[in-house]
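Remarks on the structure that follows.
The values are calculated or read from the model by the stated rules, or taken from the named source; none is laboratory data. Since the structure is predicted, the reported quantities are computational estimates derived from the model, not experimental observations. Cβ placement follows ideal geometry from the backbone for every residue including glycine, while neighbour counts extend to all protein chains displayed.
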Amino acid sequence: MQEKNPLILWMGDNWISHNMPDAVWAQVALGLLVLGLLVLASSWIATRVLVTVARRMLAAIGRDDWSKALVKRHVFRSLSYALPLLVIMGNIGVLPIDEKYIDFIARVFLCGGLIFLFMAISGVLSAWQDVYSASTRAQTRSIKGYLELAKIVFWALCLILIISILVNRSPLWMLSGLGAISAVLLLVFKDTLLSFVASTQMTSNDMLRIGDWIEMPQAGADGFVIDMALHTVKVQNWDKTVTTIPTYKLFSESYRNWRYMFESGGRRIKRTLRIDASTVRFLRDDEIAELSRFALLKDYLDGKQDELEASNSALGAWADLDVNRRRLTNLGTFRAYGMAYLRQQPEVRQDMLMLVRMMEPESQGIPVEVYCFANNTAWAEYERIQGNIFDHLVAILPEMSLRLYQAPAGSDFANMR
């Protein structure tokens, strides 16, 4: 019996093997002691030697960020758990128990070692994402979706291996059965497949980046993209809430991306002043002379006066009646003043479209729209520039005998008594 004892065969020909106890419980206890010592030794090697060597090598090549990321994602810890389990699996034969039990226990420990090994692989992928997200490239290209897909593939492979090990069949047997349930798999992973295709298309076509400001009213999203994963995209709204949108919806449905506005360097100002129609009239000669004091209007008035005089002189005797003559209006003069004012503003882009136009009159007055682009796209600065422009234009209206349309308030009716 001593010659067939697995512990003796494992230890070889030495003093311990020649003095092995005959009692089974003593041999089991000795086998457990040997396994315990092997576990301690392998755990020490994994946690002290391999981890220290790996961290020093990463530091030597200037990749401390990788070292910190691997520690954060518990990669070294998972490996320190996997190695002792695999050591136990490889040396479980030292226990003097039946072969069929030995085989089953070895397979269980092998499955445990594989789980921790795949946890380490998953941790490496997460560490890769952490390192990449800290780089400047992450602002234009997100790899989180691809890494999450890789994790799904690795864990599916891990599941196949564990099942095949537990049932003691080849992994190819498991893979051959996938064809029969492909329809079920497509149904289960429908969102994953749609999200992967959408993520690939958005990344390759540069449709969306982390940090983009997007508007998607149907999803209640209006803010900056803070995270792009395989299945979801997170948008932090202006009120600091977060909206989670399925990735495939950003590919199949429309949304507005403001990134190109920021890249252009100009943010559009488009706002309307509603002029009271009852204040629109022709300017008298004395009013024209008074308005000539305005430096922004002098060239316009001089040129317009010459044009009108030439046009009116061509009328001959008909020009004696005011109804036949072309005359300046206060509203047209205001539009000319608005354009001249915009052209001399250093905070307005002069190389982009600039308009001050009159739109179709409405019951709320005559809309005069100011259309231009501010040279600063930051929200606070943009609002300051826009406010400065309209503060001035509103304040200058009385100088041209114009006023804004305003619905009557309760105080207006009270003053009528």
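Observations, loosely collected:
- Residues in the range 358-377 that are within 29 Å of the chain's Cα centre (by Cα) and either surrounded by fewer than 18 Cβ atoms within 10 Å (Cβ to Cβ) or assigned to a loop (DSSP other than H, G, I, E, B) (or both): ASN375, ASN376, THR377.
- Residues of the range 156-206 classified as of a type in the set (A, V, I, L, M, F, W, C), part of a helix (DSSP H, G or I) and at pLDDT 70 or above, total: 17
- Filter pass, PHE262 being within 25 Å of GLN129 (Cα to Cα), in contact (Cβ under 8 Å) with a residue 12 or more places away in the chain and either part of a helix (DSSP H, G or I) or in contact with a Ser or Thr (Cβ under 9 Å, 6 or more places away or on another chain) (or both): no
- Unique residue being part of a helix (DSSP H, G or I), loosely packed, with under 14 Cβ neighbours inside 10 Å and under 46 Å from the mean Cα position of the chain (by Cα) when the list is ALA380, ALA310: ALA380
- Among the residues making up the range 265-281, those that are touching a helix residue (DSSP H, G or I) at 6+ places or on another chain (Cβ under 6 Å) and assigned to a strand (DSSP E or B) are ARG267, ILE269.
- Cβ-Cβ contacts under 8 Å between residues 6 or more apart (or on different chains), taken from a first residue in the range 246-259 that is surrounded by 14 or more Cβ atoms within 10 Å (Cβ to Cβ) to a second residue that is hydroxyl-bearing (Ser, Thr, Tyr) and outside any helix (DSSP H, G or I), are listed as PRO246/THR232; THR247/THR232.
- Inside the range 207-245, residues that are without any contact (Cβ under 8 Å) to a residue 40 or more places away in the chain and part of a loop (DSSP other than H, G, I, E, B) make up a count of 5.
- Test: residue in the range 361-368 that is at pLDDT 95 or above and closer than 15 Å to ARG267 by Cα: no
- Residues in the range 292-304 that are surrounded by 14 or more Cβ atoms within 10 Å (Cβ to Cβ) and farther than 12 Å from ALA340 by Cβ: SER292, LYS304.
- Among helices (runs of 4 or more DSSP H) entirely within the range 11-91, having at least 2 residues that are modelled with pLDDT of 75 or more, assigned by TED's automatic domain parsing to the domain that holds PHE109 and of a type in the set (D, E, K, R) singles out 51-60, 64-72.
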